[in-house]
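**Q** Shown below is the structure under consideration.
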Amino acid sequence: MATKKSPSVEGPTIRETIQTSDRKNARSSRKMAAPESAVAKRCEDCHAANAFQAWRSFKLTPAFNVGINFSVAGIPSSGKRAVIELVTATITVPGGERARLRMYTSLGIFPSNLDLVLIPQGTNVLGQEMLVATHSLRVYTDNEISFNVHRDNAQTEGTGFICISGYLADI
């Protein structure tokens, strides 16, 4: 007699490393002669040259508030200001529950508290509520980058994923 397996849900794949293409490496190893009329060009997209991205995947323990700290990633580095241009998040909680997401940054001694909207995307096969946020914004910080997930139930567990991207600017 066949046994019935309980449903399991795998979240979206989270890439932790990027493999480089051999083709790209082969191209970059070739020596190229500089054109005779080479002229020093101004940086056309300096933001891309100083870009960063960081993410955190975490477990929501039974609590009303769970903090997630991005400063441990070394962003921003000393003498730099981080300009965060995109925040995306997925929060998974038991069905029927809700959560809120707040981002904390600071410029010197002045804090910033930004509420980000989580939109319900329905439930997965385990009956868990999927809440998603994607915000294109411009937030500056020379110190703190952290988030707080505030939940309406301190008795259950959940999961979360937050990704930020932007660029570093000299102070």
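The values are calculated or read from the model by the stated rules, or taken from the named source; none is laboratory data. These numbers were taken from a predicted model, which means no experiment stands behind them. Cβ sites come from the backbone with ideal geometry, for glycine too, and all protein chains shown count toward neighbours.
**Q** Hey, could you check segment 128-168 for residues that are part of a loop (DSSP other than H, G, I, E, B) and not hydrophobic (A, V, I, L, M, F, W, C) and say which is nearest to Ser71 (Cα to Cα)?
**A** Glu144
One line per residue, one yes/no per condition, for (1) in contact with a strand residue (DSSP E or B) (Cβ under 7 Å, 6 or more places away or on another chain); (2) loosely packed, with under 15 Cβ neighbours inside 10 Å; (3) not in a loop (DSSP other than H, G, I, E, B):
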residue	(1), (2), (3)
Met103	yes, no, yes
Ser112	yes, yes, yes
Asp115	yes, yes, yes
Leu126	no, yes, no
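**Q** Sort out which residues of segment 120-140 are of a type in the set (Val, Ile, Thr) and without any contact (Cβ under 8 Å) to a residue 60 or more places away in the chain, and write them in order of number.
**A** Once the filter is applied, which keeps residues that are of a type in the set (Val, Ile, Thr) and without any contact (Cβ under 8 Å) to a residue 60 or more places away in the chain, segment 120-140 yields Thr123, Val132, Thr134, Val139.
**Q** Given the conditions (1) at pLDDT 95 or above; (2) loosely packed, with under 14 Cβ neighbours inside 10 Å; (3) closer than 30 Å to Cys46 by Cβ; (4) charged (D, E, K, R), and given that Glu85 satisfies all but one, which numbered condition is not satisfied?
**A** Only one criterion is unmet by Glu85, namely (2).
**Q** Of all residues being of a type in the set (S, T, N, Q) and more than 19 Å from Pro62 (Cα to Cα) in segment 131-154, which is surrounded by the fewest Cβ atoms within 10 Å (Cβ to Cβ)? Just the residue, please.
**A** Step by step, filter segment 131-154, then rank; the result is Ser136.
**Q** Kindly provide the set of residues from segment 46-99 that are closer than 12 Å to Ile145 by Cα and among the aromatic types (Phe, Trp, Tyr), ordered by number.
**A** Answer for segment 46-99, where residues must be closer than 12 Å to Ile145 by Cα and among the aromatic types (Phe, Trp, Tyr): Trp55, Phe70.
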